[in-house]
Amino acid sequence: MGSGRGSNYAALAEAIKRGELHACIALVLSDVQDSGILSLARANGHEARFIPPGSKRTVLSPEAEQDFVAAAQNSGADLIVLAGFMRVLKPGFLQHFPRRVINIHPSLLPQFPGLRAWEQALSAGVSETGCTVHLVDEGIDTGPVLAQARVPVLLGDTPETLHKRIQKEEHRILPVAIADYWQKINFS
Ligand code: GRF
């Protein structure tokens, strides 16, 4: 599920194509009709659907929540990956997929949860930040951590240069973290 450019979706699709992640993408869902993630998914031949999110900016409406639940359940997906999904998921969604929803966040959680974490890192003046793959619970970016990668904050970094450096690591660790987690819940 995503709302934006879809570069993490693309990284997953490529890892699958390269045989590094033994998975298939059952469905791509978005709350943004003209999002990059939907265009990329359609171009790759993956089923991709826009579901209207309702009128609130940060959460799904109760009807939309039910539509997302039904679409995810009907897709037969074993795991749900939030690859830049910008609305907060509530128990009405999460209760249907316990320990099955994974998020990628652009900071070293628990530092800098919430929006535009790379800008938070720049404002805080830290010398290092990174990205985190974690299970989604009912808090905001608070669930158990599955994987992290560090990147330096360099002199002269802009929000764009720093986010780009973080995203490079996101694309590397997300497929690996998904494969490791699947292995862990099924074979250990
Ligand atoms: C990523 O930086 C991710 O950490 C955050 O949203 C962004 C999504 O980027 N949750 P993309 O749409 O995958 O390019």
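For the stretch 118-144, which positions are more than 16 Å from the ligand (Cβ to nearest atom) and under 13 Å from Pro159 (Cα atoms)?
If the condition is that a residue be more than 16 Å from the ligand (Cβ to nearest atom) and under 13 Å from Pro159 (Cα atoms), then Ser123, Ala124, Gly125 are the ones that fit.
So, of the residues in the stretch 1-44 that are of a type in the set (Ser, Thr, Tyr) and open to solvent by less than 40 Å² (accessible area, probe 1.4 Å), which turns out to be farthest from the ligand (Cβ to nearest atom)?
Only one residue fits best here, namely Ser30.
May I ask you to list the residues in the stretch 117-162 that are of a type in the set (A, V, I, L, M), open to solvent by 10 Å² or more (accessible area, probe 1.4 Å) and part of a strand (DSSP E or B)?
Selection gives Val145, Leu146, Ala147.
Within the stretch 45-81, how many residues are crowded, with 18+ Cβ neighbours inside 10 Å and part of a loop (DSSP other than H, G, I, E, B)?
Qualifying residue count for the region: 4.
Quickly run through the stretch 101-116 and pick out the residues that are in contact with a helix residue (DSSP H, G or I) (Cβ under 8 Å, 6 or more places away or on another chain) and within 12 Å of the ligand (Cβ to nearest atom).
Passing the criteria: Ile102, Ile104, His105, Pro106, Ser107, Phe112, Gly114, Arg116.
Of a type in the set (D, E, K, R), surrounded by 14 or more Cβ atoms within 10 Å (Cβ to Cβ), closer than 20 Å to Ala10 by Cβ and within 12 Å of the ligand (Cβ to nearest atom): does that describe Glu170?
So Glu170 fits the description; yes.
Could you grab me the full set of residues in the stretch 2-36 that are more than 18 Å from Val176 (Cα to Cα) and in a loop (DSSP other than H, G, I, E, B)?
Across the stretch 2-36, the qualifying residues are Ser3, Gly4, Arg5, Ala26, Leu27, Asp31, Val32, Gln33, Asp34, Ser35.
Just to be sure I understand the filter: pairs with C-beta atoms under 6 Å, separated by 6 or more residues or on different chains, first member in the stretch 25-36 and more than 12 Å from Ala64 (Cβ to Cβ), second member among the polar types (S, T, N, Q) and part of a loop (DSSP other than H, G, I, E, B). Which pairs pass?
Val32/Ser3; Ser35/Ser3
Filter the stretch 82-100 down to the residues that are outside any loop (DSSP other than H, G, I, E, B) and in contact (Cβ under 8 Å) with a residue 40 or more places away in the chain, then identify the one that is farthest from the ligand (Cβ to nearest atom).
Pro91
Working carefully through the options Thr142, Thr132, find the one that is in contact with a strand residue (DSSP E or B) (Cβ under 6 Å, 6 or more places away or on another chain) and either at positive phi or touching a residue at least 24 places away in the same chain (Cβ under 8 Å) (or both).
Criteria check complete, one pass: Thr132.
The values are calculated or read from the model by the stated rules, or taken from the named source; none is laboratory data. None of the values given here were measured: they were computed from a predicted structure. Using ideal geometry, Cβ is built from the backbone for each residue, glycine included, and neighbour counts are taken over all protein chains shown. Areas reflect the complete protein model, heavy atoms only, side chains present, ligands, DNA and RNA absent. Shrake-Rupley method; radii C 1.70, N 1.55, O 1.52, S 1.80 Å.
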